[in-house]
Amino acid sequence: QSYEPQHGIGSDVYHGRVTEAVVSTQSTGDHIAIIGGGIIGISTAFYLSSLGHTNVTIYEQCSVACHSSGKAGGFLARTWCDETDLSGLAHASFNLHLELKGQYPDIDYRGVDTYQVNTSQESEGKNKCCDKAPVKWITDDHITGIKLLDTSKNTAKVSPKILCNKLLSVAQSRGVQLNISKVLGVKKSDGIVTHLLTSTSQNPVLVDVVVVAAGPWTTKFIHKHFPEYLLPSLRPQTRAHSVVLRPDTELGAECLFQYHTTPSGTVDPEIYPVADGTVYVCGR
């Protein structure tokens with residue numbers, strides 16, 4: 001089910017409940033500054049501009065989607081969080097991406113079948129196409145088991161950087177500005193932000209609303225410039241790695257979750273073929 005808030009975009013999903021965010025559906029002319037040019041910052045600008053808010057500036061230090069937003073796998077699952085508090089968010093996200101695909105077919109969104117593939121270093125195969133499942137581009141070397149996790153009805157793949165660039169392009173056509181500069185600080189009056197200090201402007205930039213969407217740097221920025229907001233620190237993160245492969249042969253669209261057993265333990269790479277012929281592999 002799609003949700004259209006009566007007072008604008010930006011709904012919060014909490015414990016499966018969707019609540020309205022107070023965003024005016026009519027432009028007030030206020031200057032809205034968004035710090036961060038990743039998927040959160042860009043999509044915020046995109047939906048604000050769809051409501052008529054065109055006096056919006058995105059401040060990005062490096063380049064659009066230069067970190068996680070441009071290097072993520074882009075895997076989407078509709079029902080995989082159904083037994084958790086994230087169920088409502090997962091369904092809303094999946095449906096929203098599907099809606100964007102209908103509006104912008106060139107965002108490289110496609111439904112995919114998803115498989116779990118169990119392999120073992122000690123298992124030997126005959127290097128022939130796998131006949132255990134309709135995944136014609138993998139061989140049965142070392143495979144000990146394979147099963148269908150979900151179908152294209154509930155799992156999909158999107159190219160995050162292509163999506164970011166498309167949403168930004170549409171937002172810019174509506175008047176949104178992109179400013180490649182670092183936000184150095186803020187100026188306040190009676191506790192309310194009135195200006196941003198940036199690396200590319202000699203004078204403070206007048207703003208009315210500030211949205212901080214700086215990914216893992218958001219908490220650090222808030223702690224430094226808005227200490228009155230008692231945000232918790234980020235929990236320790238587990239580092240993962242990703243590589244992009246360019247195979248000589250054409251692959252299908254199936255996504256694979258591999259569980260590979262070695263004498264020293266188990267590794268679990270995720271394998272996502274991309275429409276441009278590359279393969280995105282991530283994991284620990």
Q: Please specify each residue of the stretch 189-198 satisfying the condition of being open to solvent by less than 60 Å² (accessible area, probe 1.4 Å) and closer than 17 Å to VAL56 by Cα.
A: VAL193, THR194, HIS195, LEU196, THR198
Q. So is LEU197 in contact with a strand residue (DSSP E or B) (Cβ under 7 Å, 6 or more places away or on another chain) and either closer than 24 Å to ILE39 by Cα or modelled with pLDDT of 90 or more (or both) or not?
A. yes
Q.
I'm checking my understanding of the structure. Among residues of the stretch 57-80 that are surrounded by fewer than 16 Cβ atoms within 10 Å (Cβ to Cβ) and not β-branched (Val, Ile, Thr), which one is farthest from PHE221 (Cα to Cα)?
A. LYS71
Q. If THR84 passes every condition in (1) more than 15 Å from the chain's Cα centre (by Cα); (2) closer than 25 Å to VAL244 by Cβ; (3) open to solvent by 50 Å² or more (accessible area, probe 1.4 Å) but one, which one does it miss?
A. (2)
Q: Quick one: count up the residues across the stretch 199-229 that are open to solvent by less than 50 Å² (accessible area, probe 1.4 Å) and of a type in the set (Ser, Thr, Tyr).
A: 3
Q. Considering GLU254, GLU250, GLU228, which residue is among the charged types (D, E, K, R), more than 23 Å from SER63 (Cβ to Cβ) and under 22 Å from the mean Cα position of the chain (by Cα)?
A. GLU254
Q.
List the residue pairs whose Cβ atoms are under 6 Å apart, where the first residue sits in the stretch 54-80 and is under 24 Å from CYS282 (Cβ atoms), the second is open to solvent by 20 Å² or more (accessible area, probe 1.4 Å) and part of a loop (DSSP other than H, G, I, E, B), and the two are 6 or more positions apart or on different chains.
A. ARG78/ASN154; THR79/ASN154
Q. When the residues of the stretch 250-269 are filtered to those that are among the hydrophobic types (A, V, I, L, M, F, W, C) and not in a loop (DSSP other than H, G, I, E, B), which remaining residue is nearest to SER120 (Cα to Cα)?
A. VAL267
Q: Return only the number of the condition from (1) of a type in the set (Gly, Ala, Ser); (2) open to solvent by less than 60 Å² (accessible area, probe 1.4 Å); (3) assigned to a helix (DSSP H, G or I) that GLY37 does not satisfy.
A: (3)
**Q.** Elements of type strands (runs of 3 or more DSSP E) contained in the stretch 135-228, each with 3 or more residues being closer than 30 Å to GLY252 by Cβ and touching a Leu at 6+ places or on another chain (Cβ under 9 Å)
**A.** 155-158
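The values are calculated or read from the model by the stated rules, or taken from the named source; none is laboratory data. The model shown is predicted, which means the values in this text are computed figures rather than measured ones. We place every Cβ from the backbone using ideal geometry, glycine too, and count neighbours over all the protein chains shown. Side chains are part of the model used for accessible areas, which takes the heavy atoms of the whole protein and leaves out ligands, DNA and RNA. Shrake-Rupley method; radii C 1.70, N 1.55, O 1.52, S 1.80 Å.
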